[in-house]
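Asks: One structure is given below, represented as structure tokens, and several questions about it will come after.
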Amino acid sequence: MTGQDALFEYLLRLSDNALILGHRLSEWCGHSPALEEDLALSNVALDLIGQTQLWLSLAGEVEGKGRDADKLAYLRDARDFRNVLLVEQPNGDFALTMARQFFFDAWHYLLLRELKGSKDARIAEIAAKGLKEVTYHLERSRDWVLRLGDGTEESHRRMQTAIDDLWMYTGELFESDEVDQAMAREGIGADLAALHEPWLGLVRATAEEATLTLPQPGWAQRGGKRGIHSEHLGYILADLQFLQRAYPNATW
Amino acid sequence: MYAQMVKTGVDHIQSKEEMSPEERAFQDRVDADIKIEPKEWMPEAYRKTLIRQISQHAHSEIIGMQPEGNWITRAPTLERKAILLAKVQDEAGHGLYLYCAAETLGVSRDELLEQLNSGKAKYSSIFNYPTLTWADIGAIGWLVDGAAIMNQVPLQRCSYGPYSRAMVRICKEESFHQRQGYDIMMKLAKGTPEQKAMAQDALNRWWWPSLMMFGPSDAESVHSAQSMRWKIKINSNDELRQKFVDQTVPQAEYLGLTVPDPDLKWNAERGHYDFGAVNWDEFYQVVAGNGPCNRQRLRTRVKAYEEGRWVREAADAYAAKKAARAQVKAA
Ligand SMILES: [Fe+2]
Ligand SMILES: [Fe+2]
Ligand SMILES: [Fe+2]
């Protein structure tokens, strides 16, 4: 894969994570445990949609085939999506949503902190803007892991289950393939393996404070970055892309 | 409106002579446009009516999140998705301000939500209609938020301080919503033939329910007269409906869409549009629980509330533990 192709691929990974997780969070709007959470979850979703627009526009520019952010979001099929499996997992209960969010936010935060120093000024700029938002996302999701982990017996049980259920999707975050390695070598992307220790440190400390037990390291589910997804993504896209597919070439 | 047919519990309007000295002093303040604040004395009927009105309004904001939320995951572009999500989020915020305003009258948000969930409290009839296509999102912003603004702009001047201040914040956002709704309609009306048909179909379905939002004629209603006397209602339902029609018909014309009312025509003598009779049977059926979505809306609300209970309990338990730990540390 040549430089521009790898860069395009890399940008799709960044944007698809934001797009799909933002979509999942937006499903909560109007259904969350309290009005304050409808507001807060929507805020995070809106940040992620905003980040998607920036990453995807840049991806379209880099690709140079005239695809803008909407074309890339609405007219690719599941096999061409590059998000990690973690973010497409269904919302489940509030504990699952918050555990998913915390695992992702902690990684996202560390990643953007690296990308802020990217040699590619466009990436550095988007990362710096995103980092401010994600710093707050992480604070919030970490707080919910504490509240639920150390709340009531029921909330503890639910949060523990959520962590157990999602653990196998966290490994993929730190695996690098040729694309990641090429980007890291060129100083454009981050060394994903190097994020693992700080991530584990943060997750361990949080789990401990929340009286939760982290599972043993085990087999990681992987494939999202190569377009091998879970069955869930197809349904997300069926919703997301419905109008663009049903009315081709219309503007909205 | 968002609060339709609010009962005041009175059977006639008291003359000043019939009033107690406290009641008279209260009415004098209202007449002089002095805002009533939570700690001040107020007639029990005023307090109760306001709770009914404000909570109905709050419930409408919250239930109203459902028909629009129905299209968040299917919005056609990233920008439309962000705008719609932000709009529905605003409605949650409106609900929150209004529950807070109601709480200043001595009732808790949880009590009010229990009333909503039990089906005892009402919310605006409009939200019991389904959003079937993307154009419905445009039509709601344009017509429903438009009708809400009609009613709420005057309420910024209402006599109860916390309610009037909530209205000021809410109105700013509602006019933004209306512009965005109209913008969706504009794109559709100038779009492909299918899009234009979608826009017309949405107008056809939402026009009459929007007119119903203002409630039946209340010219003869003692409740309405009392609410106006208290300045928690500023205009009659018919006045507002007429104003809405007069404002909206030219907007529909500009879109190239047809208002689904064969009797609609400009009356130069009155300086207003004449329009056809609203089907009040349908309205009363919807208010009585027989609209297309009443059961669905309530069930969805109750489900979110019940499924969120353990989360709210956990947050309380955690806060209590944290406070206890802080106390031990301090000791
Ligand atoms: Fe509102
Ligand atoms: Fe509204
Ligand atoms: Fe609104």
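The values are calculated or read from the model by the stated rules, or taken from the named source; none is laboratory data. From a predicted model like this one, the values you see are computed outputs, not experimental measurements. Every residue, glycine among them, receives a Cβ derived from its backbone with ideal geometry; neighbour counts consider all protein chains shown.
Asks: What pairs can you find where one residue is in region B:164-191 and closer than 19 Å to B:Pro250 by Cα and away from ligand 3 (no atom under 13 Å from the Cβ), the other is part of a helix (DSSP H, G or I) and among the basic types (Lys, Arg), and their Cβ atoms are less than 6 Å apart, with a gap of 6+ or different chains?
Replies: Partner pairs satisfying both residue conditions: B:Ala189/B:Lys196.
Asks: Could you go through region B:36-50 and let me know if any residue there is more than 14 Å from chain A (Cβ to nearest Cβ), crowded, with 24+ Cβ neighbours inside 10 Å and farther than 18 Å from B:Gln226 by Cα.
Replies: No, every residue in region B:36-50 fails to be more than 14 Å from chain A (Cβ to nearest Cβ), crowded, with 24+ Cβ neighbours inside 10 Å and farther than 18 Å from B:Gln226 by Cα.
Listed here are the residues, each with its yes/no results for (1) touching an Asp or Glu at 6+ places or on another chain (Cβ under 6 Å); (2) more than 14 Å from chain B (Cβ to nearest Cβ); (3) modelled with pLDDT under 95.
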| position | (1), (2), (3) |
| --- | --- |
| A:Ala69 | no, no, no |
| A:Phe94 | no, no, no |
| A:Gly117 | no, yes, no |
| A:Glu133 | yes, no, no |
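Asks: So, of the residues in region B:202-228 that are out of contact with any helix residue (DSSP H, G or I) (no Cβ under 7 Å at 6 or more places or on another chain) and among the charged types (D, E, K, R), which turns out to be modelled with the lowest pLDDT?
Replies: B:Glu220
Asks: OK, next. Can you spot a residue in region B:240-261 that is within 14 Å of chain A (Cβ to nearest Cβ) and either of a type in the set (Lys, Arg) or more than 29 Å from A:Arg158 (Cβ to Cβ) (or both)?
Replies: Looking through region B:240-261, none of the residues is within 14 Å of chain A (Cβ to nearest Cβ) and either of a type in the set (Lys, Arg) or more than 29 Å from A:Arg158 (Cβ to Cβ) (or both).
Asks: If the Cβ limit is 6 Å and pairs must be 6+ apart or interchain, which residue in region A:10-31 that is closer than 21 Å to A:Ala124 by Cα and more than 8 Å from chain B (Cβ to nearest Cβ) pairs with which residue that is in a helix (DSSP H, G or I) and among the charged types (D, E, K, R)?
Replies: A:Arg13/A:Lys225
Asks: In region B:165-181, which residues are within 11 Å of ligand 1 (Cβ to nearest atom) and more than 16 Å from B:Asn151 (Cβ to Cβ)?
Replies: Scanning region B:165-181 gives a single hit, B:Phe176.
Asks: Assess whether A:Gln244 counts as being modelled with pLDDT under 95 and either over 27 Å from A:Leu75 (Cβ atoms) or within 11 Å of chain B (Cβ to nearest Cβ) (or both).
Replies: No.
Asks: Given the criteria out of contact with any Ser or Thr (no Cβ under 6 Å at 6 or more places or on another chain), free of Cβ contacts under 8 Å to residues at least 40 places away in the same chain and more than 15 Å from B:Val88 (Cα to Cα), does B:Lys196 qualify?
Replies: No; evaluated as a whole, the condition is false for this residue.
Listed here are the residues, each with its yes/no results for (1) of a type outside the set (Ser, Thr, Tyr); (2) farther than 17 Å from B:Leu85 by Cα; (3) crowded, with 24+ Cβ neighbours inside 10 Å.
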{"position": "B:Lys122", "(1), (2), (3)": "yes, yes, no"}
{"position": "B:Ile137", "(1), (2), (3)": "yes, no, yes"}
{"position": "B:Ala148", "(1), (2), (3)": "yes, yes, yes"}
{"position": "B:Val153", "(1), (2), (3)": "yes, yes, no"}
{"position": "B:Asp183", "(1), (2), (3)": "yes, no, no"}
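Asks: Still on this structure: Given the criteria touching a residue at least 24 places away in the same chain (Cβ under 8 Å) and part of a helix (DSSP H, G or I), does B:Arg295 qualify?
Replies: For B:Arg295, the condition - touching a residue at least 24 places away in the same chain (Cβ under 8 Å) and part of a helix (DSSP H, G or I) - is not met.
Asks: Any chance you could count how many residues in region B:272-299 are surrounded by fewer than 18 Cβ atoms within 10 Å (Cβ to Cβ) and either within 11 Å of chain A (Cβ to nearest Cβ) or over 19 Å from B:Ser125 (Cβ atoms) (or both)?
Replies: 2
Asks: Tell me which residues, restricted to region B:58-76, are of a type in the set (A, V, I, L, M, F, W, C) and either at positive phi or within 7 Å of chain A (Cβ to nearest Cβ) (or both).
Replies: Scanning region B:58-76 gives B:Met65, B:Ile72.
Asks: Just the residues that are within 12 Å of ligand 3 (Cβ to nearest atom), polar (S, T, N, Q) and free of Cβ contacts under 8 Å to residues at least 24 places away in the same chain, please, taken from region B:55-100.
Replies: The one that is within 12 Å of ligand 3 (Cβ to nearest atom), polar (S, T, N, Q) and free of Cβ contacts under 8 Å to residues at least 24 places away in the same chain: B:Gln89.
Asks: So, one more: Is it the case that B:Leu96 is hydrophobic (A, V, I, L, M, F, W, C), closer than 22 Å to B:Gln152 by Cα and either modelled with pLDDT under 95 or in contact with a strand residue (DSSP E or B) (Cβ under 7 Å, 6 or more places away or on another chain) (or both)?
Replies: Here the answer is no, as B:Leu96 does not meet what is asked.
Asks: Oh, and also: For A:Ser57, are the conditions met, namely being touching a helix residue (DSSP H, G or I) at 6+ places or on another chain (Cβ under 9 Å), polar (S, T, N, Q), facing another protein chain (nearest Cβ under 8 Å) and without any contact (Cβ under 8 Å) to a residue 40 or more places away in the chain?
Replies: No: the conditions fail for A:Ser57.
Asks: Could you look through region B:250-284, keep only residues that are of a type in the set (Gly, Ala, Ser) and in contact (Cβ under 8 Å) with a residue 40 or more places away in the chain, and pick out the one that is farthest from B:Asn237 (Cα to Cα)?
Replies: Among those that are of a type in the set (Gly, Ala, Ser) and in contact (Cβ under 8 Å) with a residue 40 or more places away in the chain, it is B:Gly256.
Asks: Okay, moving on. So B:Glu79 clears everything in (1) outside any helix (DSSP H, G or I); (2) surrounded by fewer than 19 Cβ atoms within 10 Å (Cβ to Cβ); (3) facing chain A (nearest Cβ under 8 Å) except one condition, right? Which one?
Replies: Unmet for B:Glu79, out of (1) outside any helix (DSSP H, G or I); (2) surrounded by fewer than 19 Cβ atoms within 10 Å (Cβ to Cβ); (3) facing chain A (nearest Cβ under 8 Å): (1).
Asks: Could you list all residues from region B:63-76 that are among the hydrophobic types (A, V, I, L, M, F, W, C) and either surrounded by fewer than 19 Cβ atoms within 10 Å (Cβ to Cβ) or out of contact with any Gly (no Cβ under 8 Å at 6 or more places or on another chain) (or both)?
Replies: B:Ile63, B:Trp71, B:Ile72, B:Ala75
Asks: Considering only region A:139-236, give the helices (runs of 4 or more DSSP H) lying wholly within it that have at least 1 residues that are under 28 Å from A:Leu7 (Cβ atoms), free of Cβ contacts under 8 Å to residues at least 12 places away in the same chain and more than 14 Å from chain B (Cβ to nearest Cβ).
Replies: Fully inside region A:139-236 and qualifying: A:178-185, A:196-209.
Asks: Pull up region A:71-87, narrow it to residues that are within 13 Å of chain B (Cβ to nearest Cβ) and assigned to a helix (DSSP H, G or I), then point me to the one that is surrounded by the fewest Cβ atoms within 10 Å (Cβ to Cβ).
Replies: A:Lys71
Asks: Would you be able to say whether some residue in region B:215-223 is outside any helix (DSSP H, G or I), of a type outside the set (Lys, Arg) and under 17 Å from the mean Cα position of the chain (by Cα)?
Replies: yes
Yes or no, residue by residue, for (1) within 14 Å of another protein chain (Cβ to nearest Cβ); (2) within 16 Å of ligand 1 (Cβ to nearest atom); (3) closer than 26 Å to B:Val259 by Cα:
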| position | (1), (2), (3) |
| --- | --- |
| B:Val144 | no, yes, yes |
| B:Ala148 | no, yes, yes |
| B:Arg157 | no, no, no |
| B:Gly161 | no, no, no |
| B:Thr192 | yes, no, yes |
| B:Gln195 | yes, no, yes |
